[in-house]
Amino acid sequence: MNNYYRRQELIRKYVRDLIDDGLKQMKNPNLSEEMFNVWLKYSQQVLEISTKDYNAEILLNYLRVIISINPQLRPHQKIGICLDYLIGVLRII
């Protein structure tokens, strides 16, 4: 059980770091589509590595969220949608 708790804490840390980085990106008034795509790829990789043994559904649901994002939205709005999901994940871990 102790190992399970440590894994949860580590996943929480990774997700918090993703949220913090996403918020930092949103503060950039010059956030471009390319910058968003770099952050998005990074967030997918972090979730894949950190949650695959804990709960693979976290990544699968994140990918569903990403696919559902309207490509016409501005990069700030797209990151906002991703952050909403990540904040929700943080609440349930």
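The values are calculated or read from the model by the stated rules, or taken from the named source; none is laboratory data. Please read these numbers as outputs of a predicted model, since none were measured by experiment. Cβ coordinates were reconstructed from backbone atoms using ideal geometry, including for glycine residues, and neighbour counts include every protein chain displayed. Keep in mind that these areas ignore ligands, DNA and RNA; they rest on the heavy atoms of the full protein, side chains included. Shrake-Rupley method; radii C 1.70, N 1.55, O 1.52, S 1.80 Å.
Some points to look at:
- Contacts under 9 angstrom Cβ, first residue in segment 59-88 being within 13 Å of Phe36 (Cα to Cα), partner open to solvent by 80 Å² or more (accessible area, probe 1.4 Å) and in a helix (DSSP H, G or I), 6 or more apart: Pro75/Glu34; Ile79/Leu23; Ile81/Ser68; Leu83/Leu23
- The residues in segment 1-27 that are touching a residue at least 24 places away in the same chain (Cβ under 8 Å) and not charged (D, E, K, R) can be counted, and the count is 11.
- Conditions (1) open to solvent by less than 60 Å² (accessible area, probe 1.4 Å); (2) more than 10 Å from the chain's Cα centre (by Cα); number of the one not met by Gly22: (2)
- Filter result for Leu90 (outside any loop (DSSP other than H, G, I, E, B) and either under 17 Å from Lys13 (Cα atoms) or of a type in the set (A, V, I, L, M, F, W, C) (or both)): yes
- Residue check, Asn30 under 30 Å from Asn3 (Cα atoms), without any contact (Cβ under 8 Å) to a residue 40 or more places away in the chain and assigned to a loop (DSSP other than H, G, I, E, B): no
- So Gln72, is it among the polar types (S, T, N, Q) and not in a helix (DSSP H, G or I): yes
- Selection of segment 40-58 for residues being in contact (Cβ under 8 Å) with a residue 40 or more places away in the chain, within 18 Å of Gly88 (Cβ to Cβ) and over 9 Å from the mean Cα position of the chain (by Cα) yields Ser50, Thr51, Tyr54.
- Within segment 51-73, tally of residues that are more than 13 Å from Leu40 (Cα to Cα), open to solvent by 30 Å² or more (accessible area, probe 1.4 Å) and not charged (D, E, K, R): 10
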